[in-house]
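For reference, the structure is listed below as structure tokens.
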Amino acid sequence: MTDTRTPLVEMRNISISFGGIHAVDNASVDLYPGEVVALLGHNGAGKSTLIKILSGAYKRDSGDILINGEPADINNPRDAKKYGIETIYQTLAVADNVDAAANLYLGRELRTPWGTLDDVAMEAKTREVMGRLNPNFQRFKEPVKALSGGQRQSVAIARAILFNARILIMDEPTAALGPQETAQVGELIKQLKKEGIGIFLISHDIHDVFDLADRVSVMKNGQVVGHARTEDVTKDEVLGMIILGKVPEKAIPGPGAMQTT
Amino acid sequence: MADITTTAANRARSASENPVKRFFRATEIDTRLLGMVGALLIIWIGFNILSGGLFLTPRNLWNLSVQTASVAVMATGMVLVIVTRNIDLSVGSILGFVGMIMGVLQAEILPQVLGFNHPATWILALLAGLLLGAAIGALHGAIIAFLNVPSFIVTLGGLLVWRGATWFVTSGRTVAPMDATFRLMGGGTEGSIGATASWIVGALACIAIVATIINSRKQRQRFGFPQRPMWAEYFLTAVGCALVLGAIAVVNSYPWPVAIARKYADANGIAWPDGGLFIPHGIAIPVLIAIIVGIVMTFIATRLRFGRYVFALGGNPEAAELAGIKTRWVTVKIFALMGMLCAIAAAISTARLNAATNAQGELDELYTIAAAVIGGTSLAGGMGTIAGAMLGALVMQSLQSGMVLVGIDTPFQRIVVGMVLVVAVWLDTVYRARAK
């Protein structure tokens, strides 16, 4: 790598196991400001688990997380948020029964000087953010349950960017969306990238993310197969990494690479 | 730009609606709650006809309000418990145990320390009860949240444990009488605030209604949100104030019984007039307590962060956890709050009975859960209102009192209440399916 800047995130030699199964085994990934890194692999390859360690949902067994070159202590989702790490989960993780504003501010509600919820201010800010993401969105008073998949996705994304995230994790961001909404999310990612936000895209489908990503990191059986710049490799080569663990010439092999020699 | 399209869209939408729909949209009235009020009115009018005009009398309505108070207080907490997909089967037993402890404190322990009829007796007993209730609830909550035992099991255990503990405290003996001041919390002739104070409470309530509506209008104006039309604001204010003042008028037209009024007249040197002395009861203190609890709980559920977390937790526990909410502590707090409300209900019912007994609060857990569920709290979690649950408690109590007035035998009373619960929840399911 020619990049000499400090990475925004560096996860070094991360391992975690559940009941004897090594879900993630000695995995290392990194992410630079304004960069989109796609984390690829089959279902069960350990990519979601790895990223849940970064977002604080799981505690790692061993390994280090560095944010801006400094060791970070992430034990729960609140800690992760303190470091500017925001996550959009595959399951969308929204509370269905409350409205968009309540979801956007969940866990970080605005309050009036008397300590009560400042619903009006939260709704005003929500209207502003949602207006930027999805100008057609009007259903501010309805519970999120009543919204379409794309609208729910925009609520989840709005929540992530509302608090000036520096690191954004998107787990299968377009899995639940139609083509038009997928394009919208793509636009959004480009826009966030321009603002210097580092983005991890997690997907098992290479076509979803290849054009958006600057780099790919491929995982297989809990181990990192290798890293590559998307301009250096073809989709087929990346598919080879995902399926066989075969690392192309221009990629950097990881501990999970197929041993050919 | 966005605002213009919104209003245009709204106008287009409202033009195509019929007047009834437009009315509900403009006033933002919860149609579900309105349905419950309708059901309540049908029950009231039905029993009034069947009992030959005995039901809708100031006396019966006043008694009804007092009888509802205890379960209504607990139902407000049960809403939060059920909203988070939990259940509390132990509320009746907690009520019994806390009531017994408060009874023993004021009837046997405190008089020895402070002397008989000491003015601080009632407040010390009540505070001890509140702390005990909160501690028991917190214990249940901690077992549920930190040891991951299902709430059904923990509180089923609590149902047996605390009932047994109630029995154990006095070896089954009934404790009586209660402290004179403590007794006021149970209602009765002395435990009512009288006509003047009731009108003052009514006036304050009307001022609060007007202030709330003006404030919400101002807030919406500040951020340029769509407003309710003016006529809708006036309508809501008028209906709210009319309901409040109507209720006050009813409780103020229920006079003290002749014997008590006569004793009072003699004691105060008032000449006994020919037609008897008309001293109105006014609002009963337990009812006042229940209303205050309802307001406070509504405030907690809708205006505080804790309430927001409760609902988010009920809607999607995983999302709440991932959003960084300390979900376990929220659960502990909910059950502690529930325990405290049980203590308030225990104070009301022991004061009303003027005794603490073993059987106090038996089956109350079922009435409390039924009230919350009839009041629209979904057992699937995430949905429910405090006002609905209190209204649900009133519906349950109306059915029971009505059946007593009409002279239906006890076994049939239970059969009817049981069937009503099932039918009410079925109707609600149908309503919700249609609303989607």
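Read the figures in this text as sums done on the coordinates, not as results from a lab. Keep in mind that this is a model prediction, so the values were computed, not measured. Because the Cβ atoms are built from the backbone with ideal geometry, glycine has one as well, and the counts that use them run over all protein chains shown.
Each of B:I143, B:A370, B:W426 was placed along the dipole of chain B (beta-carbon charges, centred on the mean Cα), and the one lying farthest toward the positive end is B:W426. Comparing B:G202, B:G46, B:G141 in a Gaussian network model of chain B, where Cα atoms under 10 Å apart are tied by springs, the biggest mean-square fluctuation is seen for B:G46. Computed over chain B, the per-residue total of -39500 (n - 2.57) for DSSP H runs of n ≥ 4 gives a 222 nm mean residue ellipticity of -24500 deg cm²/dmol, rounded to 500.
Rounded to the nearest 10 degrees, the inclination of helix A:119-133 to the longest alpha-carbon principal axis of chain A is 50 degrees. Evaluated with a Cβ-only charge set (Lys, Arg +1; Asp, Glu -1), the protein assembly as shown carries a dipole of roughly 1180 debye about its Cα centre, given to the nearest 20.
Simple rule: put +1 on each Lys or Arg Cβ and -1 on each Asp or Glu Cβ in the protein assembly as shown, find the dipole, and look at A:A27, B:I248, A:L201; the Cα lying farthest toward the positive end is B:I248.
Over chain A, what is the relative contact order in whole percent, taking alpha-carbon pairs under 8 Å and six or more residues apart? Mind showing how you got there, number by number?
Numbers: 520 pairs, mean separation 64.1, N = 261.
This gives 25 percent for chain A.
Divide the volume of the convex hull around the Cα atoms of the stretch B:229-326 by the residue count and you get 180 Å³ per residue. Between the C-alpha center of the stretch A:237-255 and that of the stretch B:48-116 there is a gap of 70 Å.
In chain B, which whole DSSP H runs stretch at least 27 Å along their own axis (Cα) and average -0.5 or higher on the Kyte-Doolittle scale?
Membrane-span-like by this criterion, though nothing is claimed about a membrane: B:31-50, B:58-83, B:121-146, B:151-170, B:194-222, B:230-252, B:327-353, B:386-406, B:410-435.
Quick one: of A:K52/A:K250; A:K194/A:K246; A:K141/B:K21, which pairs are farther than 26 Å apart, Cα to Cα?
On the way: A:K52/A:K250 29 Å; A:K194/A:K246 33 Å; A:K141/B:K21 17 Å.
In this structure, A:K52/A:K250; A:K194/A:K246 lie more than 26 Å apart at Cα.
Determine the sum of side-chain charges near B:T368: Lys and Arg each +1, Asp and Glu each -1, restricted to other residues whose C-beta is under 15 angstrom from that of B:T368. Walk me through the numbers on the way to the answer.
Details: positive: none; negative: B:D88, B:E362, B:D364, B:E365.
Overall, the nearby charge balance is -4.
Under a model in which nothing but the beta-carbon of Lys, Arg (+1) and Asp, Glu (-1) is charged, the stretch A:84-175 shows a dipole of about 160 debye around its Cα centre.
Rounded, prolate or oblate: which one fits chain B, using the alpha carbon gyration tensor with axes a ≥ b ≥ c (rounded when a/c is under 1.5, else prolate when a/b beats b/c, else oblate)?
Working: a/c = 1.72, a/b = 1.21, b/c = 1.42.
Judged from the Cα gyration tensor, chain B comes out oblate (a/c at least 1.5, b/c at or above a/b).
Using only DSSP helix segments of four residues or longer, with each worth -39500 (n - 2.57), what per-residue ellipticity at 222 nm results for chain A after dividing by its residue count and rounding to 500?
Details: 8 runs with 77 residues, N = 261.
Taking each H run of at least 4 residues, the total per residue is -8500 deg cm²/dmol.
Placing unit charges on the Cβ atoms only, positive for Lys and Arg and negative for Asp and Glu, gives the stretch A:1-157 a dipole magnitude near 360 debye about its Cα centre. Remark: the Cα gyration tensor places the stretch A:99-158 in the prolate category, a/c being 1.5 or greater and a/b exceeding b/c. Computed over neighbours whose Cβ is under 14 Å from that of A:I206, the net charge equals -2, Lys and Arg +1, Asp and Glu -1.
In percent, what relative contact order does chain B have, based on Cα pairs under 8 Å that are 6 or more apart in sequence? It would help to have the intermediate numbers written out before the result.
On the way: 635 pairs, mean separation 142.8, N = 436.
With pairs under 8 Å counted, the relative contact order is 33 percent.
Ranking A:G245, A:L147, A:Q184 by Cα position along the charge dipole of the stretch A:134-261, where only Lys, Arg, Asp and Glu carry charges on their C-beta atoms, puts A:L147 farthest toward the positive end. From the Cα gyration tensor of the protein assembly as shown, with a ≥ b ≥ c the square roots of its eigenvalues, which class applies: rounded if a/c is under 1.5, or else prolate if a/b is larger than b/c, or else oblate? Verdict is prolate for the protein assembly as shown. Restricting the calculation to alpha carbons of chain A gives Rg and Dmax of 18.7, 69 angstrom. Please give the helix A:149-162 orientation as an angle from the longest Cα principal axis of chain A, in degrees from 0 to 90, rounded to the nearest 10. Roughly 90 degrees between the two axes.
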